[in-house]
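Since the structure comes first, as structure tokens, the remarks are kept for the end.
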Amino acid sequence: MALVGLTVLAVILPVYFTVIKPKKDSGDQQEQSEGNAAGDESQTDPTTGGDGSTVVMEDGTKFVYANKFGGFWVFDPKDPFNNNAQPNSWTPPLNQSWNWGKDRINGVNIGGLFVLEPFITPAFYQKYPGTLDEWSLSVAMAADTANGGLNQLEEHYKSFITEQDIAQIAGAGLNWIRLPIPYWAIETWPGEPFLEGTCWKYILRLLGWARKYGLRVKLDLHTIPGSQNGYNHSGKGGQVNFLHGVMGLANAQRALDYIRIITEFISQPEYQQLIPVFGVVNEPFLSVIGRSQLSSFYLEAHDMVRNITGYGEGHGPFISIHDGFQGMLSWANFLPGSDRIALDTHPYLAFSGSPATEPIATGTGDDAGGIWPSRACQSWADAVNKSRAGFGVTFAGEFSNGYNDCGLFLKGVMNSMGNVSYGGDCSFWEDSSQWNATIKAGVKRFAMASMDALQDYFFWTWKIGNAITSDRVEAPLWSYKLGLENGWMPTDPREAIGTCEGLGVSGNEFDGDFEPWQTGGSGAGTIAATATAMFPWPPVSFQSLDAPVKDLPTYTPTGTIITLPPPTFTLPGQDQTQHGGNGWYNPRDTASAHITVSGCSYPDGWDAVHATVPLPCGGDSIPTPTPTPTNIT
């Protein structure tokens, strides 16, 4: 029931963190405070509210919750993991099951918050000229002690996305968020300049907000040691050193450890309903890595995750894999009998290399958008339906309104001026204050066609930060928030339903029924031996490397595994605390973490594509298979 005109003081009291790491003092417990103290009066504060209710944020700022779709928030300090909230009337609340194939993902990404990209957070990259990615940005920030050094990042975590943003997402009729996180939320290794661990506190805070407003979360591991694609959003642009090059296997060992640590945390009862999907690697560059090599990693990750969670619906999250930029249909019939693997695709017209000069400002009615709405429908609708039939659960983890490639730093800091395919004047598309009603109608119709074609989707991204020089968003085609505020995004995502049909675009239909094993039903976890034999772990060879994988340097599984710290809540008016789990779902999972072999030297894990394969060190050079725990059934 939605309650109108209510006020709530949602208080999350001190959150305590402890991280155990090899070769570091694990005896001290670091306390980090989040939120404000509460007195006895908080016991009488409302714990739920709908459209028109007043919310008091942790800093005391108030806002009125606007949700015209029957959604309501829930937060009870005495029951902080309550899953009763519902974002809108047509989406199941968190405490009810998601019906894959029937319920629709209308989602948005929270990009640029924990993984900083130049085009989403341009002010940082303008402040530090010459920085290209979070690696170089971190180096520059650390040297700038006068302005706070790396602590500037914590200020960004605190303020770039607020609770009000999450409330607005629910109020916009959306029901999921995709949350990119970096591996350095867990740890960094020597030589890596990233801010270690600090963002985890704010990841927990954002997860709490998502729960409060009933938004499901697709958690996405966006960065991988060594880089999985050579793009700036992998942490460091340049080389691919994941499953590629001399350190490709060692970096994959680290990645598996981080996937394991995150899986253990989000599989806890407190998070299973909130985080139904875990994306294990964002945008691996398959053409560099190789299909068999990437498939081997996906299978190893699947088996490791399911040995932690158990098999079948209700046992841990869906495992989301990216198509590697090879298209959805190339993954048909991948690992039949696996347990809940979903395919994530990122369809963009912006990076097609097209000059995109065909007009989008062609009217304000059914004629709006020119050729672009039809092109979205023709490009994606049929393929998505075929993928659902041939692979299983499929969604677009990213898409945007970028029908052209205009936008400050969109293609990287160095490419912002000289590597644009658009055949017109990008300055117009980088300043939405110049857009008239016809432009906005065209962009909106393109957005609606994209939504209808993809059906289950996450727009990239919710918010773009202002540029320093202009104090405005200079990539407006990529901001859902800005589009809502200015009329080129639908205020109700259901408006998009039927857009492709209205444009005369037809194709294969999907009936909404997946095979039982694809959603954790009968047959899940029964991959045929013939299928698994195709993808051994580790792979036998790497592309563009003469040496066999068995001769490559590896780490040894003898370190202390890290447990991500859960939040601790102080009950209102009491000294009593309530813990949000212990950070580790499966107590039988006692395997050690991978660390360097003592006395051995390794090539630079981020710059080893052309390195010489070192002589074996520390015994047998063939890595020991990753230990897996007995699953919980």
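No lab work stands behind these numbers, since they all come straight from the coordinates. Since the model is a prediction, treat every value here as computed from it, not as a measurement. We place every Cβ from the backbone using ideal geometry, glycine too, and count neighbours over all the protein chains shown.
Spin-label model, Gln96/Asp471: points 7 Å from Cα along the beta carbon direction are separated by 4.7 nm.
Hey, fewest Cβ within 10 Å first, where do Ser592, Ser598, Ser450, Ser296 land in order? Mind showing how you got there, number by number?
Values: Ser592 14, Ser598 9, Ser450 29, Ser296 22.
Going from sparsest to densest Cβ surroundings: Ser598, Ser592, Ser296, Ser450.
Segment 282-298 and segment 220-262 have Cα centres lying 11 Å from one another. Segment 141-217 and segment 498-544 have Cα centres separated by 32 Å.
The packing ranking of peptides 467-479, 113-125, highest mean first, is 113-125, 467-479, where packing means the average number of other beta carbon atoms within 10 angstrom of each residue. Here the Karplus curve 6.51 cos²θ - 1.76 cosθ + 1.60, taken at θ = phi - 60°, turns the phi angles of segment 404-411 into couplings of 10, 9, 7, x, 4, 6, 4, 9 Hz, with x standing for Gly and Pro. Once label points are set 7 Å from the Cα along Cα→Cβ at both Thr526 and Asn419, what is their separation, rounded to one decimal in nm? My value for the distance between the label points is 4.8 nm.
For segment 309-438, averaging the sequence separation of C-alpha pairs within contact (under 8 Å, six or more residues apart) and dividing by the residue count gives a relative contact order of 28 percent. Sorted largest first, the principal axis extents computed over the alpha-carbon atoms of segment 442-508 equal 47, 18, 17 Å. Bridging of Lys440 to aspartates and glutamates at a Cα separation below 15 Å is possible for Asp366, Asp367, Glu430, Asp431, Glu485, once same-chain residues fewer than 8 apart are set aside.
Going by how many other beta carbons lie within 10 Å of each one, how would you line up Phe265, Phe351, fewest first? Before the final figure, lay out each step's value.
Details: Phe265 25, Phe351 13.
Exposure proxy ranking, most exposed first: Phe351, Phe265.
The charge dipole of the chain, taken about its Cα centre with unit charges on the Cβ atoms of Lys, Arg (+1), Asp and Glu (-1) only, comes to about 480 debye.
In segment 534-611, a dipole from Cβ-located charges (positive for Lys and Arg, negative for Asp and Glu) runs towards its positive end, and of Thr554, Thr577, Pro565 it is Thr577 whose Cα lies farthest in that direction. In this structure, the residue pairs whose Cα-Cα separation is over 21 Å, taken from Lys78/Lys481; Lys102/Lys212; Lys68/Lys218; Lys68/Lys481, are Lys78/Lys481; Lys102/Lys212; Lys68/Lys218.
Within the chain, Cys199 have no other Cys Cβ under 4.7 Å of their Cβ and so lack a disulfide-compatible partner by this rule. Across the alpha-carbon atoms of segment 487-576, the computed radius of gyration and Dmax are 25.8, 66 angstrom. Derived value for the chain: Kirkwood hydrodynamic radius 25.2 Å. Basis is the mean of 1/r over every pair of different alpha-carbon atoms.
A simple charge model with +1 on the Cβ of Lys and Arg, -1 on the Cβ of Asp and Glu and nothing else charged puts the dipole of segment 273-404 at about 220 debye relative to its Cα centre.
Mean residue ellipticity, 222 nm, helices only, the chain: the sum of -39500 (n - 2.57) across DSSP H runs of n ≥ 4, divided by residue count and rounded to 500, is -7000 deg cm²/dmol. Highest mean packing first, where packing is the average number of other Cβ atoms within 10 Å per residue, the peptides 480-492, 170-182, 62-74 line up as 170-182, 62-74, 480-492.
Which order do Cys377, Cys617 fall in if you start with the one that has the fewest other Cβ atoms within 10 Å?
Listed from fewest to most nearby Cβ atoms, that is Cys617, Cys377.
Whole-Hz Karplus values for segment 55-62 come out as 10, 10, 6, 5, 8, x, 5, 10 Hz, taken residue by residue from phi with 6.51 cos²θ - 1.76 cosθ + 1.60 and θ = phi - 60°; glycine and proline positions read x.
Going Cα to Cα from Lys127, which aspartates and glutamates come in below 17 Å? Please leave out same-chain ones fewer than 8 positions away. Cross-link targets: Glu117, Asp144, Glu154, Glu155, Asp471, Glu474.
Couplings 3J(HN,Hα) of segment 516-527, computed from phi: x, 5, 6, 10, x, x, 4, x, 5, x, 10, 5 Hz, in residue order, whole Hz [Karplus 6.51 cos²θ - 1.76 cosθ + 1.60, θ = phi - 60°; x for Gly and Pro]. The convex hull of the Cα atoms of segment 179-220, projected and averaged over all directions, covers 2.9 nm².
By the scheme Lys and Arg +1, Asp and Glu -1, what is the net charge of all other residues having a beta-carbon under 15 Å from that of His610? Can you show the working numbers first?
Working: positive: none; negative: Asp546, Asp604, Asp607.
Result for the neighbourhood of His610: -3.
Here the relative contact order of the chain, from alpha carbon pairs under 8 Å that lie six or more residues apart, stands at 18 percent. Note on Lys62: aspartates and glutamates with a C-alpha under 16 Å away, same-chain residues under 8 apart excluded, are Asp45, Asp51, Glu163, Asp165. Approximating the spin labels as points 7 Å out from Cα along Cα→Cβ, the Gln434-to-Asp604 distance works out to 4.1 nm.
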